[in-house]
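Taking it in order: structure first as structure tokens, then the write-up.
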Amino acid sequence: MKNVEVKKLGRPVNVESKRQLRIKELEEKRNKGELKKGRPIKEDSKRQLRLKELELKKLNGDLKKGRPINSESKRQLRLKDLEERRNNGTLKLGRPKMIKVEE
């Protein structure tokens with residue numbers, strides 16, 4: 001078997017360039033966990049206070065999601081009826097049989 005040299009493709013990298021030094025510095029910070037991304041958060045801003053308040057409500061179970069259910073709506077009455085039939089065992093599963101009309 002022959003020993004074959006593998007050439008690196010692309011342009012040679014200048015390790016001392018500003019860009020390469022910056023990339024190296026960022027990689028070191030990332031490994032140490034010191035790299036901060038994004039915009040800093042102000043803890044006393046109105047939005048952060050609102051988010052904390054919502055988080056507390058979620059933990060206490062006070063925060064309800066979505067629209068309240070109207071128990072007298074047609075859909076809720078139908079769902080309640082289906083649930084009752086399911087519990088009684090009177091709910092028939094599947095597609096109803098076709099009614100044959102003999103003339």
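The values are calculated or read from the model by the stated rules, or taken from the named source; none is laboratory data. Here the structure is a predicted model, which is why all the values come from computation and not from measurement. Neighbour counts are summed over all protein chains in view; Cβ atoms, including those assigned to glycine, are modelled from backbone coordinates with ideal geometry. Remember, those area values only see protein heavy atoms, side chains included, never the ligands or the DNA or RNA. Shrake-Rupley method; radii C 1.70, N 1.55, O 1.52, S 1.80 Å.
Before I look further, what does the chain give for accessible area per residue, probe 1.4 Å, in whole square angstrom?
Working: 11990 Å² over 103 residues.
Result: 116 Å² per residue.
To the nearest 0.05, what FRET efficiency results for MET98 and LEU77 with a Förster distance of 35 Å applied to their C-beta separation?
0.80
Whole Å is fine, so just give me how far the alpha carbon centre of segment 38-52 lies from that of segment 16-33.
30
Let's test the formula: R0 of 22 Å, r as the Cβ-Cβ distance of LEU51 and LEU26. What FRET efficiency results, to the nearest 0.05? Working shown, then result.
Working: r = 29 Å, r/R0 = 1.33.
Calculated transfer efficiency: 0.15.
Let me see the P(r) profile for the chain: every Cα-Cα distance counted, bins of 5 Å, each bin given as a percent of all pairs.
Calculated over all Cα pairs of the chain, the distribution is 2, 7, 6, 7, 7, 7, 7, 7, 6, 6, 6, 7, 6, 6, 7, 4, 2, 1, 0, 0 percent.
Can you spot the lysines whose alpha carbon is less than 26 Å from LYS37's alpha carbon? Ignore those fewer than 8 places along the same chain.
LYS18, LYS24, LYS29, LYS46, LYS52
How much of the accessible area of the chain, probe 1.4 Å, is carbon plus sulfur, in whole percent?
52
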